[in-house]
Structure formats: structure tokens, C-alpha cells
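Below is one structure, written out as C-alpha cells; the observations come after it.
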Amino acid sequence: MDFSEPSEAVQIKKALDDFIEQEVAPLESEYDEFLGADYEKHIVDDEHRQVPEYRNIVEQIRQKSVEAGFYGMTMPEEVGGGDVDILTRAIVGEHMANRPPGFHSAIFGGAGGPTPILLACDEAQREEYLEPLMDGEITTCFALTEPGHGSDAHHMDTRAEKDGDEWVINGQKVYITNGPYADFTMVFARTSGEDGDLEGITCFLVDDDNPGFEVGTIHRAMGMTPARTPNSSSTTAASVTSRYSARSDRGSRPR
């Protein structure tokens, strides 16, 4: 059995090291207050929201990563990705995790970046959401977890009902990474069936300015940079506590 690393993984690791040295390290030197012992005092404000200066650094790195071909590299080539396989991505991820803390965590986009879920979008949805996401122009978040069920998706309380050409979604999501900053949210809601059913759950794409969507409390979390975990209520979810009582016509078929 051959345990050697795939040649593509070796090449990507070398390219990433060069990219970090040329593009990321200068930003780390310029904004060292965000990496020092008291970094938390600088990264977030009194409401635990990341400050504009830090968000700007993340966006700069995201754009540079898109240009270099690292952003969304596991996505298919047909949507602008690199079609990198899972093993190679895992090796690259381990390589990055072994680096000292720094801004390089923004290179791949994390929970706010491209996701295979959006490959199920129709052409109109791809143009509105997937394409600008791949270009690093917008970010997203994955809104599944709820206060009463954690990630027990089959028993979620969030419901969506059809009203004419729209869906009305009511529910609450919590611990949604990137929620306060996402331009749109992937909100999961039951559209048919009973609690516990494996089918009847739909993913809705909800814009951050959709009427009824609200990002609530941003909870402090452990980590190098405070992860945003809000509570949300509306047709979307965020990285906080978010409430949903909103309308959307952007849903995929029930799964």
C-alpha cells in the first residue's frame, strides 16, 4: 500500500506556503494587534461583532485567495472550482492547521465559503448565489442547529409553508458560524412530513435583508478568533441566535 502524498497535495502545500509568505504575512505584520496576547480586545467590539478593520483583512485575503485559485478549490471545475479530491484537501488542511495562528484561516472561506450543497441550485440560483460566492464577492452560512434540538435535523421545529408563490418560514436557529456577516443563509425547514421523518426537509436561500430575518445575540466562543454564533429568527439563520418569520421564493426541493 502506498502511503505517499499525492503529487497534487505536495504542489498545493508549496503554493500555499508561498502565497502566505507573499500575501498574508505582510498583513499579519501590519495588523499585529489582531494576533497578540490581547487580540480579543481588538478583533471584536462590545457586542462581540468583529470590527470593520478585521473584516476588511478577511475580505482582502479572500479576494487574493480567489485570484490564486485556493478559494473553493474542492468545488467542480464547471462552477469555477479546482476539483481537488477529498484526500488532497484533507492533507492540505492538516498542513495549514500545523501553522501558527494567523490570518491564513481566511484562505478557504470556512463556513462562509463555497459548499457542494449549492450545486443543487437551478441556473437562476447559481447566477444569484453560487457564482458570486465562488468569486468571493459574498459569503453564506449554514443554518441547521436549533435551541431545542442541536443538529438533530429530523426533529427540527422550523417550519415552512407555501403561500402563493412564496414560502413563509418560522423558526429559530442558533450557533450559526458567520451568521452576522453572511449575505445569504442556507436555512433548513420542514416543509412536509412529521417529526423524525427522513424526508420533507428543504434548504432555503435567504438574503440577509429579507423581511422577517433577525440576527440576535452574538455569543462569545472559544478559538483564535471569536466564532460568531448568533440566535436567529426568520427565513434565515446566522452565527448567533436568529429568529425567522420571513418569506422566501428561493427553496430547493424537499429532501
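The values are calculated or read from the model by the stated rules, or taken from the named source; none is laboratory data. All values reported here derive from a predicted model rather than from experimental measurement. Please note: Cβ atoms are built from the backbone with ideal geometry, for glycine as well, and neighbour counts cover all protein chains shown. Calculation scope for accessible area: heavy atoms of the full protein, side chains included, ligands and nucleic acids excluded. Shrake-Rupley method; radii C 1.70, N 1.55, O 1.52, S 1.80 Å.
A compact table of results
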item	result
Matching option when the condition is at pLDDT below 55 and out of contact with any strand residue (DSSP E or B) (no Cβ under 6 Å at 6 or more places or on another chain), among ALA237, ALA246, ALA227	ALA227
Of residues in the stretch 208-217 being in a strand (DSSP E or B) and not aromatic (Phe, Trp, Tyr), the one least open to solvent (accessible area, probe 1.4 Å)	VAL215
VAL58, sole failed condition from (1) open to solvent by less than 60 Å² (accessible area, probe 1.4 Å); (2) within 28 Å of GLN22 (Cβ to Cβ); (3) more than 15 Å from the chain's Cα centre (by Cα)	(3)
Whichever residue in the stretch 1-49 is surrounded by fewer than 16 Cβ atoms within 10 Å (Cβ to Cβ) and of a type in the set (A, V, I, L, M) and, among such residues, is farthest from ILE218 (Cα to Cα)	MET1
Close pairs (7 angstrom Cβ cut-off, 6 or more residues apart or separate chains): within 12 Å of ARG89 (Cα to Cα) in the stretch 6-22, in a helix (DSSP H, G or I) and among the polar types (S, T, N, Q) anywhere	PRO6/THR88; GLU8/THR88; ALA9/THR88; ILE12/THR88
Every pair of residues 6+ apart whose Cβ atoms lie under 7 Å, when the first sits in the stretch 84-104 and is closer than 19 Å to ASP2 by Cβ and hydroxyl-bearing (Ser, Thr, Tyr) while the second is modelled with pLDDT under 95 and in a loop (DSSP other than H, G, I, E, B)	THR88/PRO6
Residue within the stretch 23-39 that is in contact with a Pro (Cβ under 7 Å, 6 or more places away or on another chain), touching a residue at least 60 places away in the same chain (Cβ under 8 Å) and aliphatic (A, V, I, L, M) present	yes
Matching residues in the stretch 172-187 - criterion: being open to solvent by 20 Å² or more (accessible area, probe 1.4 Å) and not acidic (Asp, Glu)	GLN172, TYR175, THR177, ASN178, PRO180, TYR181
Among the residues listed as THR158, THR145, the single one being of a type in the set (Ser, Thr, Tyr), crowded, with 18+ Cβ neighbours inside 10 Å and within 24 Å of GLU128 (Cβ to Cβ)	THR158
Residue match in the stretch 146-155 (condition: more than 19 Å from the chain's Cα centre (by Cα), touching a residue at least 60 places away in the same chain (Cβ under 8 Å) and closer than 22 Å to VAL215 by Cα)	yes
Residue in the stretch 93-111 that is closer than 22 Å to PRO26 by Cα, part of a loop (DSSP other than H, G, I, E, B), open to solvent by less than 30 Å² (accessible area, probe 1.4 Å) and aliphatic (A, V, I, L, M) present	yes
Considering residues of the stretch 112-137 that are in a loop (DSSP other than H, G, I, E, B) and open to solvent by 30 Å² or more (accessible area, probe 1.4 Å) only, the residue nearest to PHE184 (Cα to Cα)	GLU137
